[in-house]
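Down below is the structure, laid out as structure tokens.
The values are calculated or read from the model by the stated rules, or taken from the named source; none is laboratory data. Keep in mind that this is a model prediction, so the values were computed, not measured. Quick reminder, even Gly has a Cβ in these numbers, built from the backbone with ideal geometry, and neighbours come from all protein chains shown.
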Amino acid sequence: MKSLSYITSRDNPPADLGRILEKYGQLTSIVPDGSMPSTVPDIVLVEDDIISDDSPLPEAIKTAQTLGIPIVLVNVLAENNSPDAKLSEIAYGMISRPFLPETVESVLQSLPDRALMTKIISSALQAVIYVLETTTGSSVRQNQDATPPIGDDKGYCGSVPLSGDVDGTLTVLLPYNLAVQTAARILGCDSSKVKQSWIRDGVGEITNQVAGRLRTELSHEGRDIVIAIPEVKESKPWHWTKNGLEDSFYLECLGYQFILQLSIRIKVKAPMST
């Protein structure tokens, strides 16, 4: 049975939904600013009236995001009212009224496999480090105490759609200076001679290599994914956000301090056995 955490400002979920959820898994109710159970849940359910416009996300929801736990909205709002946009962006599905066993089960079984998502994030990070170190000939190290360089507000974002056993997008963001240096190393020229089009090509090649290594890693897990052609665009490196599971890593390479963000939203096409 799966473990479920239900975030509510009330004492318990609606009675009819609670009975369904208890048959599906072990259910624990927590308040919005409470802490997660010591045993990390497989799924977090959140009532859609838990926050109002302009309110920050409660700590329990932030923790679920950090841990990569799939989040599901539960419809308790009055008719014609919509949930806060922040909740809608991070949710993988919604359970709407009337609460019927077959409907609830359908939503819960369509959720991503948390262990798979965690594996993908870890593999993607290692792939990025490997590709950058191989390309630049310089070591890449994590530095969680780093802060964004002042004045460097330009970067490049490379995205690769994923399909096959999983659906989603792998996105790699590089700050401008590192993107220039990377392109120069790939082309074997001085960084001062790098053209804008070369920078885009370089970021695209880096992103493609990362996706390729991720595909190989997942194939060892029995997962078959297809990667499409990367799309590259300019993006501010310190203010970039993306729906779904997101991890930010503070890194250093070639003397540049920067933040690398990986955002991968995976939806498993069918329940997968472990």
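Details
Every residue, every condition in (1) of a type in the set (Lys, Arg); (2) farther than 18 Å from Val76 by Cβ; (3) surrounded by 13 or more Cβ atoms within 10 Å (Cβ to Cβ), yes or no:
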residue: Lys2; (1), (2), (3): yes, yes, yes
residue: Thr8; (1), (2), (3): no, no, yes
residue: Lys23; (1), (2), (3): yes, yes, no
residue: Ser29; (1), (2), (3): no, no, yes
residue: Val40; (1), (2), (3): no, yes, yes
residue: Asp48; (1), (2), (3): no, no, yes
residue: Ile51; (1), (2), (3): no, no, yes
residue: Glu59; (1), (2), (3): no, yes, yes
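- Restricted to the range 216-236, and to residues there that are assigned to a helix (DSSP H, G or I) and touching a residue at least 40 places away in the same chain (Cβ under 8 Å), the residue that is surrounded by the most Cβ atoms within 10 Å (Cβ to Cβ) is Leu218.
- Residue in the range 104-146 that is modelled with the highest pLDDT, counting only those that are touching a Gly at 6+ places or on another chain (Cβ under 9 Å) and in a loop (DSSP other than H, G, I, E, B): Ser138
- Candidate set from the range 61-89 (those that are among the aliphatic types (A, V, I, L, M) and closer than 17 Å to Leu4 by Cα); member that is surrounded by the fewest Cβ atoms within 10 Å (Cβ to Cβ): Leu67
- Flag for Arg200 being within 14 Å of Val128 (Cα to Cα) and assigned to a helix (DSSP H, G or I): no
So that you can scan it fast, the table gives a plain yes or no per residue for (1) modelled with pLDDT of 80 or more; (2) out of contact with any Asp or Glu (no Cβ under 9 Å at 6 or more places or on another chain):
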{"site": "Leu174", "(1), (2)": "yes, yes"}
{"site": "Val194", "(1), (2)": "yes, yes"}
{"site": "Asn208", "(1), (2)": "yes, yes"}
{"site": "Phe249", "(1), (2)": "no, yes"}
{"site": "Val268", "(1), (2)": "no, no"}
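- For the range 182-215, residues that are within 20 Å of Ser235 (Cβ to Cβ) and without any contact (Cβ under 8 Å) to a residue 12 or more places away in the chain total 3.
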